[in-house]
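To start, the structure under review is shown below, and the notes come after it.
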Amino acid sequence: MVTTEATAPAATTPSEPVQRRRDRRRVNVPGGLGSLLWLSVVIVPVYWVLVTSLRTQQHFFVDHPLGLPTAPTLDNYRQVVDSGFDRYLLNSVVVTVGAVALTIAVALLAAYTITRNTSRFVARSFSVFLLGLAIPLQAAIVPIFYMITKMGLYDTLLALVLPTAAFAVPITVIILVNFLRDIPRELFESMRVDGAGEWQVLVRLVLPLSRPAIATVAIYDGLNAWNGFLFPLVLTQSPDQRVLPLALWAFQGELTINVPAVMAAVVLSALPIFLLYLIGRRQLVAGLTAGFGK
Amino acid sequence: MTSPVPTVPAGATGTRGGGVPVRRGRERQPVSAWLLAPALILFGGFALVPLGGAVALSFTSWNGLGTPAWLGLDNWGAVLTDDVTWLTLGVTLKVMVGTWLVQTPLSLLLGVYLAPRGRWRAWMAAVYFVALLLSSSAVALVFKNLLDPNFGLAGPSGPAFLQHPWLGDPNTVLAAVILIIAWHFVPLHTLLYQAGARQIPGSLYEAAQLDGAGTVRRFFSITLPQLRYTIVTSSTLMLVGSLTYFDLVFVLTAGGPGYATRLLPLHMYLTGFTATEMGRASAIATILAVVGLCLSLGLTRLSGFSRMQSQQEGL
C-alpha cells in the first residue's frame, strides 16, 4: 500500500482516509500505466545492452535481440579489459578526484568569504560566479586549447583537471554559499570572541558543519567530471591519457562491427558509477536536486 | 580592489547593542577578501579569460599549431554569410524546442506521480535513474547500435518501425536525437519535479477535495501552479542545456547525415578541430556564448526569477 500520507491532519474521521485511499487508487491507474510504460522504455535498452554484451559475435547476428544469449560468454569483457580498460579507469579516477578536490577547496574558501564578508568587491565576485553558470563550456574550448598548449600541458591529465574544475566552480560556490548562509552568525562570532583566527574558524567550524553540503556538491561535480567528453577529446591525444568516455568512443572506432564488445565496454564504463549509486543513492539524488535549487 | 565605504567610526567592534550588525568597515570584515583569490584565479583563468579569448581569436587566422595572425573581420564575414551557420542555428533551435516539448510533460507527470512515498514508487524512481548514470557517449553508443536497422533491436525480423534507419534518414534523425536526449535527461527532470511536488502542502489538496475538485482539476489548479518555480528551473536547464549537447550528438551522428543534426557547438568543434579553422570556430563560439547568455538572462527576467533569490542561486 502506498497510501500513507505524511501530511494527514490529526482531525480526520475514520471514514475519510478510506475514501481518500479509494480515490487515490482510482487516480493512479493512468499514472501507474504511464510510469510502467516509461519503465519499459528505460529498461529495454539497458537489458538489450546487457544481453548483447554476453553474446558471441556469431550469435549476435542470429539470436533474437531480446532473447537470452544462447551461448553466454564473458569473452567480450575480457577483450575490453585487455585493451587497457584499467588504464582508462585509473585516468578517469585521477581526473575526477583531482578536479573535485580542487573545486571544493577553492569554492569552500570563496563561499566562506562570500557569506562572511560584505564588501562590494565580494558581492560583485559572487555575481560573476552567478553569471558564470550561463557560459557553455563549448564556447571556451578553442582558447582553452590554446592556453593548455602554450602551458605545455597538452596531452596530460592536468590539462583535464584544471578546466574541468574551473567550470565546476560557479555551481559549487553557489550551493555552498546557500548552505553556509544558514549557519547562525552567533557561532562565528563566539569563535572570534574566543580568539580563533580565520583559518581556525574555517577548519574547526565551517568545514565540519558543511560536510553534508560538500558531499552533495562533490557528487554532482564528480558525476560531471567523470562523464566529461569534450575536454578529453580536445586536450588529450595519446591512449595513455584517455579517460573512460573517450575510451568508449575510441573503442567503438576500433571495433566497429563487434557490437557485443562495444556493449561490454559500455557496461564496464558504467559499472563504477552504478556501484556507487547502489551504495549512496540518497546522497547522489540529494546532490543532483541540490544542484538545481529546491 | 574596490574599497568598501566605512560607515562605522573606527573603534566600533562587533555587534552593537540592539543587535544591529556592524560589519561594514574594512578592518572589521570578519573574513579577508583574499580568500576569494584561488576561486577567482581558477574560474577566471580557465573560464572567463578563455571566453574573452574566443572573441579575440575570432579576429585572427589560426590553424591550431602556429601563432594566430590578425585577420580583422574576415571570419565574422565568412561565418555570418555562411548558410551552414544559420542552418546549425536552426537545428539548435529545433532541438531546443523539441527537447523541451518532449521532456517537460513527461518529467512533470512522472515526477508528480512519483512524489508520494511508497516502496513501489521508490523502486521505480531508482530504476528510472539508471539512464542518467550512463555517460553521454555511452548513451550515444547504445542507441547508435540499438537503432541499427540490421543488427539492432530490429534484428532480422523485428518490428517494422525499428527497421527504419532512424539515424540514417535526414527526415527522422532529428526526432530520434530529441527522443534519445529525452531518454537520457528525463530522469533528472523527473527528480526535480518529484522534489518539487513533495513540497506542496497536503492541506491544499484536502481543501480542494472538500470543495469537490476532481483529479484533473486538482492537477491544474494546485499542482501546476505550485510547481511553477520547478517548471522554470527545469525549463531553464533544458533550454540552456540544449546549447551544450555535444558529446551525445558527436558520438551518435557526428552531425549527419549531411547537416541534419549539426548543432551549434558541434559545428564549432568541426570547424575548429577538424577543418582547423580556429579563428572561424572562435567566431561561432562567440555566437554560442552570446546566445547562451541572452537565453539565461532572458529566462531569468521573463520568469520573474530575480524575486526568488534563493531559488535563483540554486540554479
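All of the numbers you see were taken from the coordinates with simple rules; none came from a lab. Keep in mind the model is a prediction, meaning the values are calculated, not measured. Cβ coordinates were reconstructed from backbone atoms using ideal geometry, including for glycine residues, and neighbour counts include every protein chain displayed.
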Just the Cα atoms of segment B:54-175: what Rg and Dmax do they give in Å? 22.0, 64
Around B:Ser61, which amide H atoms from residues at least 5 apart in sequence, or from another chain, sit under 5 Å from its own amide H, with H modelled in the peptide plane? B:Ala69, B:Trp70, B:Leu71
With runs of 4+ DSSP H residues as the only contributors, calculate the mean residue ellipticity of chain B at 222 nm using -39,500 (n - 2.57) per run, divided by the residue total and rounded to the nearest 500. -17500 deg cm²/dmol
For a quick check, take a GNM of chain B with Cα springs below 10 Å and name the residue from B:Ile284, B:Ile41, B:Ile178 with the largest mean-square fluctuation. B:Ile41
Residue-wise HN-Hα coupling along segment A:207-218, computed from phi with Karplus coefficients 6.51, -1.76, 1.60 (Hz; x: Gly, Pro): 4, x, 5, 9, 4, x, 5, 5, 4, 4, 6, 5
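Between A:Leu271 and A:Leu207, what's the calculated FRET efficiency when r is the beta-carbon distance and R0 is 22 Å? Round to 0.05. Mind showing how you got there, number by number?
Values: r = 32 Å, r/R0 = 1.46.
For A:Leu271 and A:Leu207, the calculated efficiency is 0.10.
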20 °C / 1.002 mPa s Stokes-Einstein diffusion coefficient of segment A:150-294, Kirkwood radius on C-alpha pairs, µm²/s: 118
With equal scatterers on the alpha carbons only and no solvent term, can you work out the Debye log10 of I(q)/I(0) for chain A at 0.12, 0.13 1/Å? -0.98, -1.05
In whole angstrom, how far apart do the alpha carbon centroids of segment B:188-226 and segment A:145-165 sit? 49
Treat every Asp and Glu Cβ in segment A:127-282 as -1 and every Lys and Arg Cβ as +1, leave all other atoms uncharged, and give the resulting dipole magnitude about the Cα centre to the nearest 20 debye. 200
Candidates B:Leu153, B:Leu65, B:Leu224; GNM for chain B (alpha-carbon contacts under 10 Å) flags as most fluctuating B:Leu65
Relative contact order (%) - chain A, alpha-carbon pairs under 8 angstrom, separation at least six: 27
Calculated log₁₀ intensity ratio I(q)/I(0) where the Debye formula runs over C-alpha points of the protein assembly as shown, q = 0.09, 0.10, 0.11 Å⁻¹: -0.80, -0.98, -1.16
Compare B:Met124, B:Met238, B:Met278 in a GNM of chain B, Cα atoms joined below 10 Å, and give the one with the largest fluctuation. B:Met124
Could you calculate the contour length gain from A:Trp199 to A:Leu39, that is, 0.36 nm times the residue separation minus the distance between their Cα atoms, to one decimal place in nm? 52.6 nm
Calculate the radius of gyration of the Cα atoms of chain B to one decimal place, then report Dmax, the largest Cα-Cα distance, as a whole number, both in Å. 25.3, 86
Rough spin-label spacing in nm, given labels placed 7 Å along Cα→Cβ, for A:Arg192 and B:Thr215: 5.7
